Structure formats: C-alpha cells, structure tokens
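What follows is a short report on a single structure.
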Amino acid sequence: MTELGAYVERFETDNRRRALRAVAATAIGAPVAAFGVVLVVIVDQGGTLGAAMMFPGVIIGVGLGLVLFGVTLACQTVTRRGESFTLYEAGFVHAKAKTSTEVPWTEIESVVDTTKQNVLAKAFGGDVGCLVRLADGRKLVLNGFTEGAALLTLRIFEATAGRHRHDGGALGPHSPTAR
C-alpha cells in the first residue's frame, strides 16, 4: 500500500473525546453568554453605554467564544471521523473520513509547533500540536486529541530537522523542539 518503508507505529485520534469537549464548550458557553445579556439589561437602566458595560461585554464574549469553539470541535468531530496517523520509516499516512494522505518526509515543506501550555489548551487538545505544511500547499494538523501525539510530533520534528520552526514564542518544556 505504501512506499514509505517499514511500519513503525499507529496513532489514533480520540474523536469521542473531541465530541465531548465540543458538547461541554457549547453547554458552558451558551448560558454564560445568556447571563452576559441579562447583565447588560440590568446594568443598562439609563440607556447609556459606558464603562459599566465592559464586564457584561466580556462575559458575553467569553460565552460566545466557547460556543464558537464548541461548534468548531463538533465540525471537526464529523469531518475527521476515523482519524489516525500511521508512522513509517520514511514518512506517515494521515487517514480521516475514508480518505488517506501519504506524507513522505521529503514532501514536508515545514512543521510548526502549535503547542500551547495552559489549562484551556490542555482541556481542548492544544497541549500538543503541530501544523505540517506539505510541498503542494496542503496542511495537516496534529493535536492533543491524537493518542501519543507528543511522540508522533517529536518523530516528525526529528525527521524534518532543519526545516521546522516554532511559532515564535518561548519553547515550552513539552515542545518537541525543546528536547
């Protein structure tokens, strides 16, 4: 099937976990946004918008942001069904929703570390991540919803050494490029 050499390891994405996070983000965000709207109505007694409206505005923004993120995760849950990464000696195969892409190491233009080290990133799969840009312009995303993502990311960075870059921030302790 593949000309990428010997099989090394398979990494499957936990799409169920992604779906649960989508539901949680939406379920938390919608009431938070609604609460912010209620605060706007309560605070805006005189019909003037001023500094007092900043707090309710932030509450609405946080709620809508969570809803938007939940919807994005829900869309990824549908479009990335069956997602997996199969590592071979000379590259990897990315499979999702009945399609697969063979990625020889030589076809990778760049790899960008997208890892974020905070509580929200950990909760929503951003605690491990990399963006793989292929020579033909396509992009593949690997994140913390994939079991063993840190190891796979490290292998990709090692195989493409010299052609990757970090996203510009300080290297985190779990960044593949920090090892």
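Computed from the coordinates by the stated procedures, all read-outs in this text should not be read as laboratory data. Source: prediction; values computed, not measured. So basically every Cβ, Gly included, is an ideal-geometry build from the backbone, and we count neighbours across all protein chains shown.
Under the convention that each Lys and Arg Cβ holds +1 and each Asp and Glu Cβ holds -1, the size of the dipole of the chain around its Cα centre is about 300 debye.
Ignoring the sites themselves, what is the longest stretch of the chain with no GluC sites (Glu not before Pro) in a DSSP loop and at most 14 other beta-carbon atoms within 10 Å? After excluding every exposed loop site, the longest remaining stretch is 90-179. Region 80-142 and region 13-74 have Cα centres lying 30 Å from one another. Here the sum of -39500 (n - 2.57) over DSSP H runs of 4 or more residues, divided by the residues of the chain, equals -13500 deg cm²/dmol at 222 nm, to the nearest 500. Taking only the alpha carbons of the chain, we obtain Rg and Dmax values of 20.2, 72 Å in that order.
Taking 7 Å steps out from each Cα toward its Cβ at Phe55 and Lys98 produces label points 5.3 nm apart. Counting alpha carbon pairs within less than 8 Å and at least 6 residues apart, what relative contact order, in whole percent, applies to the chain? Over the chain, the number comes to 22 percent. Take the Cα radius of gyration of region 15-79 and divide it by 2.2 N^0.38 Å, N being the number of residues; the result is 1.37. Residue separation of Glu89 and Leu131 scaled by 0.36 nm, minus their Cα-Cα distance, works out to 13.1 nm of gained length.
Membrane-span-like helices in the chain, defined purely by DSSP H runs whose alpha carbon atoms cover 18 Å or more axially and whose average Kyte-Doolittle hydropathy reaches 0.0, are 15-43, 54-79. Taking other C-beta atoms within 10 Å as the exposure proxy, Val93, Val119 rank Val119, Val93 from fewest upward.
Rounded to the nearest Hz, the phi-derived 3J(HN,Hα) couplings of region 100-114 under the Karplus curve 6.51 cos²θ - 1.76 cosθ + 1.60 (θ = phi - 60°) are 9, 10, 7, 10, x, 3, 5, 8, 8, 7, 7, 10, 10, 6, 10, where x marks glycine and proline.
Spin-label model, Glu12/Glu109: points 7 Å from Cα along the beta carbon direction are separated by 3.3 nm.
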